[in-house]
């Protein structure tokens, strides 16, 4: 599974490469939380990690707190957690929680499925709570995938891998396209917001000015403000700032780059400007934040904060 840690820096958060269990084909794995507890000590799970593979988790009983990109999420039966490669993840106490964990590398999915399931979307929700038919379909897909994973040897290896790929595709497509509740509480974001989101993702290290993004897209700043407020519940400036802060947190937690190096990487004029910016938005200096997260004392944002 995920115990072969490698470090890009001596004291950074471990990057976790996918490691298939002995005797099983690489690419995907399904296990119970009971199996996970038997493999990995709780203290090791509680440390911040940065997997290079996808993790899907659903509970059948109990409650479990998970921290993803420094935001707490409480998982209960019926909810699904999707952690994407590169996100910083920290497990809560597994005692009393039971469920299913599915790990997979992205190349287990064909390109069309990966696109349709939006597996690369850094703004996709971390936790989803499907309703009615969606919930039943997801449970069935996870059960079928878990059964196939344990059925190694019952089919020729090539056929077994094909079955795993198809079953995984069903699961991620279902999870990515949940039915919108009847109350309309989860409308599809409009094209203006999606274009703004994408251009911010490509350029947030170059500029934090909403006017620059408006010029890139051919919109007015006011149009972007309205679209972002509707699509994300934030001002356009706050949206950009949250993305910059998240990247700063990841770099501070995950690497041993100095504040000056991170400042330069994120496009600040000098380290002092970066420190003031970070302190104003996080409530602590970059170095204090690094010390806290490495000591697992970081102050968590409430669930539902900016993802990706």
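The values are calculated or read from the model by the stated rules, or taken from the named source; none is laboratory data. Just so you know, these numbers come straight off a predicted model, no measurement behind them. Cβ sites come from the backbone with ideal geometry, for glycine too, and all protein chains shown count toward neighbours.
Considering every residue within segment 275-298, establish whether at least one is at pLDDT below 90, more than 21 Å from residue 90 (Cβ to Cβ) and in a helix (DSSP H, G or I). No, there is no match, as no residue in segment 275-298 is at pLDDT below 90, more than 21 Å from residue 90 (Cβ to Cβ) and in a helix (DSSP H, G or I). Out of 269, 240, 244, one residue alone is more than 22 Å from residue 122 (Cβ to Cβ) and either buried (at least 19 other Cβ atoms within 10 Å of the Cβ) or out of contact with any helix residue (DSSP H, G or I) (no Cβ under 8 Å at 6 or more places or on another chain) (or both). It is 269. Taking segment 188-215 as the range and being without any contact (Cβ under 8 Å) to a residue 24 or more places away in the chain, more than 25 Å from residue 262 (Cα to Cα) and surrounded by 15 or more Cβ atoms within 10 Å (Cβ to Cβ) as the test, the residues that pass are 195, 214.
Checking each residue in segment 6-18 for being surrounded by 15 or more Cβ atoms within 10 Å (Cβ to Cβ) and at pLDDT below 80 picks out 12, 13, 14, 15, 16.
Is segment 189-207 home to any residue that is closer than 27 Å to residue 72 by Cα and touching a strand residue (DSSP E or B) at 6+ places or on another chain (Cβ under 8 Å)? Checked against the condition, which is being closer than 27 Å to residue 72 by Cα and touching a strand residue (DSSP E or B) at 6+ places or on another chain (Cβ under 8 Å), segment 189-207 yields no hits at all. Among strands (runs of 3 or more DSSP E) entirely within segment 19-95, having at least 3 residues that are at pLDDT 90 or above and touching a strand residue (DSSP E or B) at 6+ places or on another chain (Cβ under 9 Å) singles out 28-32, 54-61, 64-68, 71-75, 80-83. Summed over segment 140-165, the residues that are free of Cβ contacts under 8 Å to residues at least 12 places away in the same chain and buried (at least 16 other Cβ atoms within 10 Å of the Cβ) give a count of 0. Using the structure shown, decide if residue 99 is at pLDDT 95 or above, over 18 Å from residue 30 (Cβ atoms) and assigned by TED's automatic domain parsing to the domain that holds residue 121. Criteria not met by residue 99. In the condition set (1) part of a helix (DSSP H, G or I); (2) touching a residue at least 60 places away in the same chain (Cβ under 8 Å), residue 230 is compliant with all but (2).
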